[in-house]
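All remarks here apply to the structure that follows.
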Amino acid sequence: MNDHAAHADLVTKSVDRLPVPHLAAEVATQPDDWAAAAAIAAAHRDVLPRPGERVAAIGCGTSLFMARAYAALREAAGQGLTDAWPAGQPPVGRTYDRYLVICRSGTTTEVLEALRALPPRVPRVVISSSPGTPVLDLGDAILIDRVDERSVVQTRFATTALALLRWHLGEDLAPVVAQAREVLAEDPATALGAVRDADQITFVGMGFAAAVADEAGLKLREACQSWTEAYLATEYRHGPISIAAPGRAVWAFGPLLPGFAEEVARTGAHLEHRPIDPMADLVRVHRLCLRRAADLGLDPDHPRSLSRSVVLDS
């Protein structure tokens, strides 16, 4: 049994032999996908942003959250000004040295329109997992089709795109890969027991973890129609904390702010926190999506009202 199959088998057991959604297998390959992203980043270093360049990262939905995470990491690493923009509202009146576009499907209308409207002489790189799609013709293409997905809900494409960019920034993700493997080896019935039945979950984080928090909330809304919210951790006490109560949970990514745990405890809500990399912690959320969807009898591969790509009428 290869590594991908072994990880998929672990997740299969986690949903108590119910029909296994594609999402389960796609969640399970992530550590291997992140490790493989190091070579992909090295092979494409010439078209990826260089230190000192002004960069705009563009995407929709999950891809936008990955763009925001990358922007925070790149600026924190001192590699230059980095903005993240939704493709539906691209930057106007700002100049950049390079554009970075993330688009799994390669057919999202807003992404294609944004790319066509960018200044023609400014380099742009496009990360996608879908071969033969129009987005690949509109920039220097990085095609990572090994992480393409059959589930509408994005997991491994998004996190692998972020892993690729983190390797390019000079990060060593070997410890993050190891943490994700440990997460996948856990029994979700016990590891996620405190949040499995939470009436409501609020995700928080700082820096790039704030974008991961937004992505975590989106995943549970998509996969199992859960009531979730997400905030910058420093903003949580400025109003959102009022929703916390017994039977609800606050999930914090990355280091806790001083006094944060005590503030949550006073509300009676459960605080879910592990001192691991936010990207590895996001895999725990992916597993929670599978568990809660199974509990509710929902198909996490086909969320209501959603499709793989948002293609608008011309």
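Report the percentage of all Cα-Cα pairs in region 32-168 whose separation exceeds 24 Å, rounded to a whole percent.
19 percent
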Per the rule of 0.36 nm per residue minus the C-alpha distance, extending GLU171 to GLU53 adds in nm 40.6 nm
Over the chain, the sum of -39500 (n - 2.57) across DSSP H runs of at least four, divided by residue number and rounded to 500 deg cm²/dmol, gives at 222 nm -13000 deg cm²/dmol
Orientation-averaged projected area, Cα convex hull of region 167-206 (nm²): 4.4 nm²
Which Cα, out of ALA265, LEU100, THR228, lies furthest along the positive dipole direction of the chain (beta carbon charges, K/R +1, D/E -1)? LEU100
Would you kindly calculate the mean projected area, averaged across all directions, of the convex hull enclosing the Cα atoms of region 144-217, in square nanometres? 6.5 nm²
Take the alpha-carbon positions of region 186-296, form their convex hull, and give its projected area averaged over all directions (one quarter of the hull surface) in nm². 6.1 nm²
Most mobile listed residue (ASP281, ASP140, ASP172) in the chain, GNM with C-alpha springs under 10 Å: ASP172
Taking the beta-carbon count within 10 Å as an exposure proxy, list THR202, THR155 from fewest neighbours to most. THR202, THR155
Cα-based convex hull volume of region 97-205 per residue, rounded to whole Å³: 167 Å³
Between region 35-114 and region 266-283, what is the separation of their alpha carbon centroids in Å? 27 Å
Given a 10 angstrom Cα cut-off, can you work out which residue in ILE276, ILE58, ILE201 is the most mobile in a GNM of the chain? ILE276
Between the modelled labels at ASP299 and VAL92 (7 Å from Cα along Cα→Cβ) the distance in nm is 4.1 nm
Would you please state which residues of region 36-76 a label at ASP140 would reach in this model, taking the label point 7 Å out along Cα→Cβ and a backbone N cut-off of under 13 Å? 41-51, 53
Residue-count net charge about VAL55 - beta-carbon cut-off 13 Å; Lys, Arg +1, Asp, Glu -1: +3
To the nearest 20 debye, what is the magnitude of the charge dipole of region 92-200 about its Cα centre, counting +1 on the Cβ of each Lys and Arg and -1 on the Cβ of each Asp and Glu? 460 debye
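Readers should treat all values here as calculations from the given coordinates under stated rules, not as data from a laboratory. Quick caveat, the model's predicted, so the values are computed rather than measured. Cβ atoms come from the backbone with ideal geometry, glycine included; neighbour counts cover every protein chain shown.
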